[in-house]
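Heads up: the structure comes next, in structure tokens.
The values are calculated or read from the model by the stated rules, or taken from the named source; none is laboratory data. This structure is a prediction, so every number in the text was calculated from the model and none was measured. Glycine gets a Cβ as well: all are built from the backbone with ideal geometry, and neighbour counts include every protein chain shown.
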Amino acid sequence: MVIFLTLVGSLNGYPQTENGTQYRVSLNFKSADFKKLIDAIQKQSPYHFIFSEKKIPLNKINIQVSNEEVSKVLDRVLAGSAYTYKLLPNHLIVIRAGNTELNTRMISGKVLNESGQPLPGSSIKVKGTDFSSTTDANGDFSIPVFPHTTIQASQIGYFKKELPVGALNHLQFNLIAKTTELDEVVVTALDIKKEERKIGYSISSISGPELSKARESNLIYALEGQVAGLNISGVYGGPSSSARILLRGAASMTAGSPLFVVNGVPIDNSQRGNVTEYGGADYGDGISNINPDDVETITVLKGSAASALYGARAANGVIIITIKKAAKNSGNIEYNTNLSFDSPYKNTDFQYVYGQGTQNKRPQNLSSAIASGSSSWGEKMDGAPTIQFDGKEYPYSAVKDNIKNFYRTAPAFTNTISLSGANEKSMFRLSAANLDYNSILKNGHLNRKTVNLFSSYELSKQLTVVFNGNYINENNKNRSYLSDGTLNPNYGIATLASSADQIALSPGFDPLTGREMRWNDDEYKTNPYFMLNKGKDLSKRNRFITSTSVKYKFTDWLYLQGRLGYDISHDQIISIIPTGASFSINGQGGLNAFQKIQTSELNSDFLLAANKNIMEDLNLDVSIGANYRNREGEFSDSKGNQFNTPYLYTPSNLVTRTDIYTLARLVTQSAYYTFDLNYKKFLHLSSTGRYDVYSTLPGNNRGLFVPGISGSFIFSDLLKTKYLNYGKFRASFAKTSGEPAQPYVTRTYYATESSVNGTPLGTYDRNLPNYNLKPFTLNEFETGINLRFFNNRLDLDLTWFHRTTHNEIVNAIQSITTGFSTAYVNLGKTRNTGTEITVQGIPISGENFKWKSGFNFSHIHNVLLSIDGSSQYSLTGTYRPLNANTAMVVGQPITQIMAYDYKRDGNGNVIIGSDGIPKRGDLKPMGSTLPKIYGGFSNSFFYKNFSLSFLVDFKFGNKILSATENYSYVSGLNKATLEGRETGVIATGVLEDGSINTINVPAYNYYPKLATNISALSVLNGSFIKFRQATLGYAIPTKWMRNTPFSSINLDLVGRNLFTILKYTKNIDPESEFSPKLNYAGIEGASLPSTRTFGINLNFKFK
């Protein structure tokens, strides 16, 4: 019904006469002035009045008409006065003195940004008059002008520009973007719009079109390095992989993604799939489903004061996405096409002196070749023909291009078409997009189709209905397994011996039997080509995100809004162990997953808001509302071993099978308010409050009230200095709350598992229920200053924050004598402090050349103060070598790497064991996996119709736990293993009795045992500086398109992840990870290699 009304409304305007040229209004005024009368006419019709403040009737007007033509109303009102009117094109009516000649003419023009793209909705004004207009969806306008006048063009977020009319009939404005307009209206929590100067906390906004040129398959990656305080890390798992998104560091031990809100309604951002030290695949997260071409702006609410109105889900911050809509009185067709190519590149710097083999010998026969496929402990390479694991002979020479030859340069092709239209009462925008994204693995492919509809209809001057719907259909073929060697093609390529050519692995199976072709001494290290040719991994998603709002305006200062949002997704994941896999029972394969998942989230809310001047210099802006959230999940899975019939991959074909079915539901009921006072537009005070009731907590502890307060002081309004255009001091304090990550932790629930002689066996959860569990809280204080100098060409934003959690909900270990293994308790505590700096400026701004520059910097100091009241550390994740962990460590930043260092005596000497290998010391913290410092540096240059921009980003102060580094020592690929190849290794150190070590150990024994004992060798410095992005654009001049169907054409050549300027890791990309979860942050191993992306983006807008 809502869709029908809004679409019908898009085709209907105001009441007209039969010939379609007149509009009717209803008026009832007594003793009203002329301006009040024409304001009423403008609200009921598409007419806009042009007049001089000093040249309008001054007499009071009495009139009562119903459904009367506007022309007859004006004839009646102006009768007997000294004034008359004239109707001009575009529904303009000029009021003038009757004895003056209307010496005006119409002039047309176009408003563009620096890149030559149209700016719809720009304000056009004739300087010194009340003549005004706005640009349509193509950036075009027309307006009446007098001789010798000047036209002003302005747009929120851009510098105002003036051009003299002279004898011209057409004007073109190229506006320069600025950081933030002084009176800019920004979107805040609950989709409430506020002037930037009133906000007492940090907020950042990014324009959507800037994210769609050098695009990523997951929208959120495009924000990397662009927002102070925002840290984004990705999974190297193929197209549309999940992202770990942290705002202001890890706010707690369970810190996760910020809450994502689309057009005012929260959406689900759950990650699909799970990768651990034992492997698995990542199937993407919720935000990756959003089409970048549909995004108007992205607003980041960083602190608690900004996000407190969203409750527990916003404890990690909020990212608000505003979907594109149509400009008023316009119609537009837009087509955007993007073609890019992902090219894999090698990050390793291995040794290529010694080749494949064991114990300093090259393979002599087929069995020794198979046994040494991932071992580079052979002889010096000499090029002589040597048998390989496929039975053929190859030169015993260095092979350095296995990554290039095994993977492919993968194309990605995106097409989006949109249709939009609007009149004075309604608007709509409909878009459809198709993404075809190939993985660099030759059998992997992602297809995603999205359809988005935004529509609104003004049923009356008081009542407006808005609908937004987004449908996503996604099919993903053969997602790569990560981390472990099983079913993971990347593992074999990464550890392949230095003289082995990847082509010898092909085809990966015996053509007669279908059995996997072995290439090493471990059957759990799957042949990469076996997975390319036999692997079956499919994931599908159907998702519908919808929101509907109804807004009723009682008066100009009071309205009531109701809103309903629903996000539902149906997922299917099928992961097969192919028939013939060596590690499977009798080579019969198996079923890793046959999952069906349904996740839904319903959000309904209402908001009563008032904004009114209660005194001449005092404004009151107050809102009260309530929210109901209902989240439900349904999960079923079948898994098992041994397919009876080969290659028939169905659950019913399994010899052994296990079925799982679970349901989960949680409900949150909330009430909230926001209260703002504004004195003379330079002093602002705001208060917020929210009360939540959580279904996941015990009945006696379910509710919690969280307050917030913020203020801003525009001191530049008082100073009136020449160079300082804007100065704002702001401060805020707020509290947010949180609930358990999973429902059903406050009661003991029983279940049945297997049966004995037909009698089912009962079981129960080993988590001890806590009937006194309560919400955890996060308190945050934030202060900052905003400064703008030199006619707003230099912008400085400085923020400092301090946040502390209390009563974090942790799963503490219990004594087994209790009958339980763990219990959820309120004992965790974390402290975060930090500084955020953003500097943006326009060093050069000429008529033909402009230069914009920006820099953002974040410093985070994080400390874990308590885990469960007694434990000093808690292990969280690990990598496949299993000799080091990530952990939560009291007194240290989240998350720490815990590894074994060298054992030393009192003098600091390394203690050597009786086998000649350094002995293992204590397991101790080695550093945090999260960066202490991060940021980005961007520059954009504009010359006439050309544009060039680039982005450099950086991270410092984080550590990596690298499985690749461990494997390179064990397999003999690391350059450090060259020492002692011919002579053996005598480790520097002392024996247990204090004597100098003289034990000589063969290198092929020494280094693998060293890496196993001393896992600190696998802890690397993860700091880096990267040249992240570059874009070269050209806008076709508008004069070339006058006789074409296009209003604008823009061409952009783009590049992403182009090269690394600085890194400290020799054999890996410092950003490579296999899981987005905080527990596994900083852990690397056997993921897809890094890629460089090159592409072209074309945007067409039709007249």
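Out of the residues in the range 407-462 that are among the aliphatic types (A, V, I, L, M) and in a loop (DSSP other than H, G, I, E, B), state the one that is nearest to Leu219 (Cα to Cα).
Per the stated criteria, the residue is Ile440.
I need a count of the residues in the range 1023-1076 that are under 23 Å from Leu171 (Cα atoms) and either under 24 Å from the mean Cα position of the chain (by Cα) or in a loop (DSSP other than H, G, I, E, B) (or both).
Total satisfying the criteria: 6.
Out of the range 663-677, which residues are among the β-branched types (Val, Ile, Thr) and either more than 29 Å from the chain's Cα centre (by Cα) or crowded, with 18+ Cβ neighbours inside 10 Å (or both)?
Of everything in the range 663-677, those that are among the β-branched types (Val, Ile, Thr) and either more than 29 Å from the chain's Cα centre (by Cα) or crowded, with 18+ Cβ neighbours inside 10 Å (or both) turn out to be Thr668, Thr674.
May I ask you to verify whether Ser270 is outside any strand (DSSP E or B) and touching a strand residue (DSSP E or B) at 6+ places or on another chain (Cβ under 6 Å)?
no
Out of the residues in the range 956-979 meeting the condition of being buried (at least 24 other Cβ atoms within 10 Å of the Cβ) and small (Gly, Ala, Ser), tell me which one is nearest to the chain's Cα centre (by Cα).
Once the filter is applied, the top-ranked residue is Ser962.
Only residues that are under 53 Å from the mean Cα position of the chain (by Cα) and not in a helix (DSSP H, G or I): list them for the range 69-92, please.
Those that are under 53 Å from the mean Cα position of the chain (by Cα) and not in a helix (DSSP H, G or I): Glu69, Lys86, Leu87, Leu88, Pro89, Asn90, His91, Leu92.
Can you name the condition, by its number, that Gly906 falls short on among (1) part of a strand (DSSP E or B); (2) surrounded by fewer than 18 Cβ atoms within 10 Å (Cβ to Cβ)?
(1)
With the requirement that a residue be under 23 Å from Ile816 (Cα atoms) and of a type in the set (Asp, Glu), what does the range 727-781 give you?
Glu753, Asp765
Restricting to the range 651-681, name every residue that is touching a residue at least 60 places away in the same chain (Cβ under 8 Å) and either more than 30 Å from Tyr749 (Cα to Cα) or outside any strand (DSSP E or B) (or both). Show your work before the answer.
Quick first cut of the range 651-681, residues touching a residue at least 60 places away in the same chain (Cβ under 8 Å) only: 651, 654-655, 657, 664-666, 668, 670, 672, 674, 676, 678-681.
Across the range 651-681, the qualifying residues are Pro651, Leu654, Val655, Tyr672, Thr674, Asp676, Asn678, Tyr679, Lys680, Lys681.
Of all residues in the range 547-584, which are assigned to a strand (DSSP E or B), among the hydroxyl-bearing types (Ser, Thr, Tyr) and more than 21 Å from Ile192 (Cβ to Cβ)? Outline the logic, then answer.
The first filter runs over the range 547-584 and keeps only residues assigned to a strand (DSSP E or B), leaving 547-555, 558-577.
Those left that are additionally among the hydroxyl-bearing types (Ser, Thr, Tyr): 547-549, 552, 555, 559, 566, 569, 575.
Result: Tyr566, Ser569, Ser575.
Quick test of your reading of the structure: Asn725 fulfils all but one of (1) of a type outside the set (A, V, I, L, M); (2) surrounded by fewer than 14 Cβ atoms within 10 Å (Cβ to Cβ); (3) over 30 Å from Arg629 (Cα atoms); (4) in contact with a strand residue (DSSP E or B) (Cβ under 7 Å, 6 or more places away or on another chain). Name the failing condition by number.
Tallying (1) of a type outside the set (A, V, I, L, M); (2) surrounded by fewer than 14 Cβ atoms within 10 Å (Cβ to Cβ); (3) over 30 Å from Arg629 (Cα atoms); (4) in contact with a strand residue (DSSP E or B) (Cβ under 7 Å, 6 or more places away or on another chain), Asn725 fails exactly one: (2).
As an exercise: evaluate Leu648 against (1) free of Cβ contacts under 8 Å to residues at least 24 places away in the same chain; (2) closer than 30 Å to Ser584 by Cα; (3) under 28 Å from the mean Cα position of the chain (by Cα) and give the number of the one condition it does not meet.
The one condition Leu648 does not meet is (3).
If only one of Arg429, Arg448 is crowded, with 20+ Cβ neighbours inside 10 Å, among the charged types (D, E, K, R) and within 30 Å of Val25 (Cβ to Cβ), which one is it?
Arg429
Residue check, Tyr744 against (1) modelled with pLDDT under 75; (2) part of a loop (DSSP other than H, G, I, E, B), all met but one. Which one?
(1)
Just name the residue that is surrounded by the most Cβ atoms within 10 Å (Cβ to Cβ) out of those in the range 264-279 that are closer than 29 Å to Ser549 by Cα and out of contact with any helix residue (DSSP H, G or I) (no Cβ under 7 Å at 6 or more places or on another chain).
It comes out as Val265.
Mind checking whether some residue in the range 887-895 is buried (at least 19 other Cβ atoms within 10 Å of the Cβ) and either on the phi > 0 side of the Ramachandran plot or among the aromatic types (Phe, Trp, Tyr) (or both)?
So far as the range 887-895 goes, no, none of its residues is buried (at least 19 other Cβ atoms within 10 Å of the Cβ) and either on the phi > 0 side of the Ramachandran plot or among the aromatic types (Phe, Trp, Tyr) (or both).
Specify the residue that is modelled with the lowest pLDDT; the eligible residues are those in the range 195-207 that are under 24 Å from the mean Cα position of the chain (by Cα) and closer than 27 Å to Gly311 by Cβ.
The selected residue is Glu196.
Would you say Val261 is touching a helix residue (DSSP H, G or I) at 6+ places or on another chain (Cβ under 6 Å) and either closer than 21 Å to Arg479 by Cα or not polar (S, T, N, Q) (or both)?
Here the answer is no, as Val261 does not meet what is asked.
Residue under question is Asp342, and the condition is that it be within 30 Å of Asp1069 (Cα to Cα) and either of a type in the set (S, T, N, Q) or part of a helix (DSSP H, G or I) (or both); does it hold?
Values: within 30 Å of Asp1069 (Cα to Cα): yes; either of a type in the set (S, T, N, Q) or part of a helix (DSSP H, G or I) (or both): no.
So Asp342 fails the test.
How many residues does the range 521-546 hold that are out of contact with any Asp or Glu (no Cβ under 8 Å at 6 or more places or on another chain), over 16 Å from Thr579 (Cβ atoms) and part of a loop (DSSP other than H, G, I, E, B)?
3
Confirm whether Gly854 is surrounded by 19 or more Cβ atoms within 10 Å (Cβ to Cβ) and either touching a residue at least 60 places away in the same chain (Cβ under 8 Å) or within 30 Å of Ser938 (Cα to Cα) (or both).
No: the conditions fail for Gly854.
Ala751: touching a residue at least 24 places away in the same chain (Cβ under 8 Å) and among the small types (Gly, Ala, Ser), yes or no?
On the way: touching a residue at least 24 places away in the same chain (Cβ under 8 Å): no; among the small types (Gly, Ala, Ser): yes.
Criteria not met by Ala751.
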